[in-house]
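Structure first, then comments.
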Amino acid sequence: MSGARRARALAAACALSAAAAGASQHVYIAGIAGTAVTIIDTSAQAIVGQTGSIGFAQSGIAVNGDGSKVFAANFGTFPPAGVWDFTSSGLVGGFVSVAPQAQVFGLAFDTAANRVYAATPGALVSIDPTTRTIVGSLLATVPFCIIVNPASTTGRLYYSDQADNVVVVVDSSFAVVTSIPVGAKPQGMALDPSGTRLYVANFNSDSVSIISTATNTVIQTVSLPPSSAPTGVVVDPAGNDWYVAEGGRNHVEGFSVAANAQVLDVAVGSAPFGIDVDAAGRLYVPNQLDATVTVIQPGATPSTHTIGPVAGLAVGIGRFIGPGTPDPPTGVTATPGDTQATVSFSAPASDGGRPITSYTATCGTQTASAASSPIVVAGLVNGTAVDCTVTATNSIGTSDPSSPPASVTPATLPAAPTGVSAVAGAGQATVSFAPPASDGGSAITSYTATCGTQSAPGTGSPIVVTGLAAGTPVTCTVSATNAVGTGPPSAPSASVTPVGVPGAPGAVSAVAGSGDVSVTFAAPAFDGGSPITSYTATCGSQSASGPSTYITVESLANGVAVTCTVRATNAVGTGPPSAPSASVTPALKSYTGPVATGLGNATVSITGGGAGCSFAPQGTGALQSAFFIPVVGSPKSPSAGTAPVQFPFGLLDFVLLGCDPGSTVAFSIAYPRAIPSGDAYWKYGATPAQPAPHWYVLPATISGNIATFTITDGGLGDDDLAANGVVVDQGGPGGGAVTLDPVPALDRWALAALACLLALGGMMYGRKMR
Amino acid sequence: MREPSTGRTTAPAQPFRAGRFALAFAGILVALFAAELTRPIQHALVAPWTDLVARASAAMLRAFDRDVVASDATIFSASTGFGITIRAGCNGVEAMLVLAAAMLAYPAPWRHRLLGLLAGTAAVQLLNFARIASLFYLGRWSATAFEWAHLYVWQALIMLDVLVVWLLWLGTIRPAR
């Protein structure tokens, strides 16, 4: 061992502890060649003070159970070797001399026995801290580090003996139980949280011995890199990993408890001497030659920072961090309730080295405590905002309040809205209401209107509730919602019946006409809650509307079969179509138009001949109906030209198509004025008796302005004389009673006389002028 | 040409020879009547003209009486059935042909003849319209009055009308120098 290494070893301390009542944990760093112990706050991560002058050299540190008193070993000769005690804030209380021993290394505090144990060359000394007197002594060679294990059943104390290279087990009666051989020059030691394993740093062996406290045997020795010169060892509060300060490598290594696999290897300052861990898991490593402390945050990406300088050459083997209050809880939230708040939070990262015994939530002036989150704070005033904080308490004290505070306004459920009324709409209801008398202490965030099984949200009145069945009466209620929840529903509104489109008409019947179809139907059973305003009948591509259940659809193509449907319309809209009618075929069975003589309009209509029997489309073609034409001048006027009678209304030319072959068709022609008395219905065309076209009288009944007659397909009156379903006709009422007088301007004698007169006049005038 | 004393416009006359005029008049008259009787002329000119006269007469009458109906060359009453037929000879064409033959036979400039023919046609047809209308209503009223007016009054008036036109036309012809 080199001189410097030996000097560091001599200066190394065993477990030192620090405590700070009412504050976070304190780290007490002893200093060789200093005159005070430096105090570091774990929350501030800074030096917060130091003790008064307690001698030239300190080594071991011990902290009593509540952290209120700290003990520091003085191993120098000025003053003589002994143990100082001071408060957590550094106020020195007194000194106990261990003379004639010249040095004191490690210290330990036994809370249960209220004793301070001091390791001195040749003896292990027991001190009553109250009377500051030595009350016992145990022979030892070179004890260095002392560990108190309250959980052990095989021994009370463990101390490392650097001369015999053993760890000595001492029972509660201060008698040696056994000695456990370990590596060369055992130095720092540490227990795991359960007290079942004792880790011993072997300074000269570059190893760590792991001892089972149940069997007091070494169960494993972990080798460290050559010249590591381990000075201290510690186990994290969770018991997952252990760490060793290597004074020869200026490194700190970490290993898993389970497999002793390396989990950390970071550089620290010069000549690290000892290591301890706070409740948050941060490692503190006094760097002897730098007079600093390296703080390590272990983890996947470990970080380090340095605190210092401290007084003297920093040492601190074993536990030199005292218990403290927990850190404040984090993640505090508050949920409003009826005159209460439910405060939720997360446990702090650090329990201060002592288990947290309770949490206290404070909202305004009210507090409540519990062992865990959440905490319900009652007694609050609805509508009054308060800030909520949480503190954690352990055996040492209570943490600072959490920050930032969580603001909350206690409230209860809002009352029910009032004055609810509803107006029915198309499949919906518009719900109006007044806000409730009380919002429960929290602003109303929304309302919910419910009509029947349907609901709709809204931020105020009115709210439209949709999806309602037309014709089904409903009542509506409204409830208000604030931050606490949804209040009771209001009193129901008066019953309203939503409206909708009408149902489909029924019993649709269609009757074909000439280019039109007459549609009759029954009103739908359900009018949608709104009176039906009109019906729309659709036949083929044409539609017509009307208010009654009888509609004529016009402009249909004759000869084209159609079916008809009907839809009903009310103020809401148009309902679905009805079932289609039976198929019908419009046929031109009637025609109205002006007669050729300018006397006005006449109408010709037919009956019989079969359903498809109708007038051919208007035109002058062979299979077209020209209808009312003059006797001469029309392409379809009789080829005979003049007629034997006069036709006051001209002629009617038509072609019937689609008639049942050989069927009889009845004609009725209404002329614009009375047919002259004595007129007959004259026709021009072929007759069975005389195939060549000629004028003849068709038997007809003439009464007033009406002429009626019948024509049998292929019989008299049908110009094609064939029973082929086609009837061709041309005729009209002609006047046998008409008096036609030629009115020649001059008869032949008058012409002769006129010629003579002109000749005579011309000759006389010519001779006169000659 | 304007006459210095009266201011009337006259046409220079060709030397007049009575015999020549008479022969020309008779020849042209026969030719015109013969042509009128031919089917092409009847079809192309006479029949359409007759129809036009009938329609024009009916339109004129219907303007004042909706009871009047025109069917082809016939005008009749829709309420009573009485009608008159505008046939060849009723259309004033013969009277116009006589006047035209006279004007064409008389020695006068062609322009003068053309103007005379136009004026004569207008005079004859206007009077013919009046004749047709009066006969239509006289016939509805009294067959006797119709026959008397038809046979005597209007033939005389037509002849007088043509004669007056003829004489007036002759008066516009400047003596030959």
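One chain, two ends: B:Gln42 and B:Arg17. Fully extended at 0.36 nm per residue, the span grows by 5.6 nm beyond their Cα-Cα distance. Partners of A:Lys589 within straight-line reach, counting lysines whose Cα lies under 21 Å from its Cα and excluding those fewer than 8 residues away in the same chain: A:Lys636, A:Lys683.
Computed log10 I(q)/I(0) for the protein assembly as shown at 0.05, 0.10 Å⁻¹: -0.61, -1.06, from the Debye equation with unit scatterers placed on every C-alpha and solvent omitted. The value of relative contact order for the range A:261-350, using C-alpha pairs under 8 Å at least six residues apart, is 23 percent. The simple spin-label model puts a point 7 Å past each Cα toward its Cβ; for A:Val176 and A:Thr466 those points are separated by 9.3 nm. Each pair of Cα atoms in the range B:16-174 enters the Kirkwood radius, and Stokes-Einstein at 25 °C and 0.890 mPa s then converts it into a translational diffusion coefficient of 145 µm²/s. Here each label is just a point 7 Å from Cα along the line to Cβ, and for A:Thr453 and A:Thr330 those points are 5.0 nm apart. Pairs of alpha carbons in the range A:299-346 separated by more than 16 Å make up 73% of all such pairs. For chain A, relative contact order (Cα pairs under 8 Å, six or more residues apart, normalised by length) works out to 6 percent. For a straight C-alpha distance cut-off of 15 angstrom, the aspartates and glutamates reachable from A:Lys69 (same-chain residues fewer than eight places away being disregarded) are A:Asp85, A:Asp110, A:Asp128. For the range A:474-566, the Kirkwood estimate of hydrodynamic radius, built from reciprocal distances between every pair of different alpha carbons, is 16.4 Å.
Per-residue ellipticity at 222 nm from helix content only, as computed over chain A with -39500 (n - 2.57) for each DSSP H run of at least four residues, stands at -1500 deg cm²/dmol.
Modelled spin labels at A:Thr141 and A:Ser256, positioned 7 Å past Cα toward Cβ, are 3.7 nm from each other.
As a calculated quantity, the FRET efficiency between A:Ala666 and A:Thr620 at R0 = 35 Å, using C-beta atoms, amounts to about 0.85.
No value in this document is a laboratory result; all are computed from the given coordinates. Owing to the predicted nature of the structure, the values given are computational and were not obtained by experimental measurement. Note that each Cβ is placed from the backbone with ideal geometry, even for glycine, and that neighbours are counted across all protein chains shown.
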